[in-house]
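Asks: Mind looking over this structure? Questions follow.
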Amino acid sequence: MRRTTTARLRHVAIASAVCFGIGLLWLPALLLYVYNRQNQPDAGNTAPILISMQKIGDLHTARMSLKQEIDQNAYEHASGWMRRVPGIDWLVKSATRNRAVVIADGTVEAGLDLSHLTSSDVTSSIINGVRTITVRLPAIEIYPPNVKVHVISQSGSLFYNDQNIVPQAQQHASVLFEAEAKQMNLEQQARTQAVKQLTGLTSKFGVKHVIFIF
């Protein structure tokens, strides 16, 4: 009876020693796992960043000043059966010609509207152990030009007086200015400045790595 009890005690002691040894083998790995979990960067909450961007609304990030002389002409055309008379259209244009020469001064701005951003547009993740914010921005928009005109000269005719010729010159300048702004890459300037300004905004929240996507 004593031998049986002694044998059982030996088996228990051996089993306990084996379990203890296995535990010692796995302990470093367990401690390393816990350490890594505690020191892993938190992806964080993006709501404060999103709300700050939404409050900005329209963000104008680029501006261009332009000036141009506009020579605006207006006249009437021959109508009805008179159009079939050779040379009559030229005669009617000459007799009804109105002309305005103006100097157009204006600015064209470009930017983007941040008020419609959603939580799906501002996301946070861990890339190579670093918290990274990814922001999907709306397309850059060129806003309607702000144009003022100074009339240099204006003339009408006895048969036709176009009261809208100066506003037409102003509208013509607006179209020209917008085309010029696009040709001079105002949109790209606006994108560059938007990234610069919004990077400064996100840095206030402790974010050091930001990816902007248009």
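Asks: Residues in the stretch 104-113: is at least one in the same structural domain as residue 63 (by TED's automatic domain parsing), of a type outside the set (Gly, Ala, Ser) and not in a strand (DSSP E or B)?
Replies: No.
Asks: Okay, next question. Is one or more of the residues making up the stretch 128-147 of a type outside the set (Val, Ile, Thr), closer than 30 Å to residue 171 by Cα, over 18 Å from the mean Cα position of the chain (by Cα) and surrounded by fewer than 16 Cβ atoms within 10 Å (Cβ to Cβ)?
Replies: Within the stretch 128-147, one or more residues are of a type outside the set (Val, Ile, Thr), closer than 30 Å to residue 171 by Cα, over 18 Å from the mean Cα position of the chain (by Cα) and surrounded by fewer than 16 Cβ atoms within 10 Å (Cβ to Cβ).
Asks: Now for a separate question. Condition check: in a loop (DSSP other than H, G, I, E, B), modelled with pLDDT under 95 and over 30 Å from residue 160 (Cα atoms). Does residue 43 satisfy that?
Replies: Judged against the criteria, residue 43 is a match.
Asks: Which one of 157, 119 is polar (S, T, N, Q), part of a loop (DSSP other than H, G, I, E, B), out of contact with any Pro (no Cβ under 6 Å at 6 or more places or on another chain) and not assigned by TED's automatic domain parsing to the domain that holds residue 51?
Replies: 157
Asks: Restricting attention to the stretch 169-183, does a residue exist that is at pLDDT 95 or above, within 21 Å of residue 213 (Cα to Cα) and not polar (S, T, N, Q)?
Replies: Yes: the stretch 169-183 contains one or more residues that are at pLDDT 95 or above, within 21 Å of residue 213 (Cα to Cα) and not polar (S, T, N, Q).
Asks: Tally up the residues in the stretch 57-74 that are of a type in the set (Lys, Arg) and not in a strand (DSSP E or B), please.
Replies: Residues that pass the stated criteria total 0.
Asks: Still on this structure: Conditions: (1) farther than 26 Å from residue 46 by Cβ; (2) of a type outside the set (A, V, I, L, M, F, W, C); (3) surrounded by fewer than 17 Cβ atoms within 10 Å (Cβ to Cβ). Residue 209 meets all but one. Number of the miss?
Replies: (1)
The values are calculated or read from the model by the stated rules, or taken from the named source; none is laboratory data. Note that the structure is a prediction, hence the values are computed from the model and not measured. All Cβ positions, even for glycine, are placed from backbone atoms using ideal geometry, and neighbour counts span all protein chains on display.
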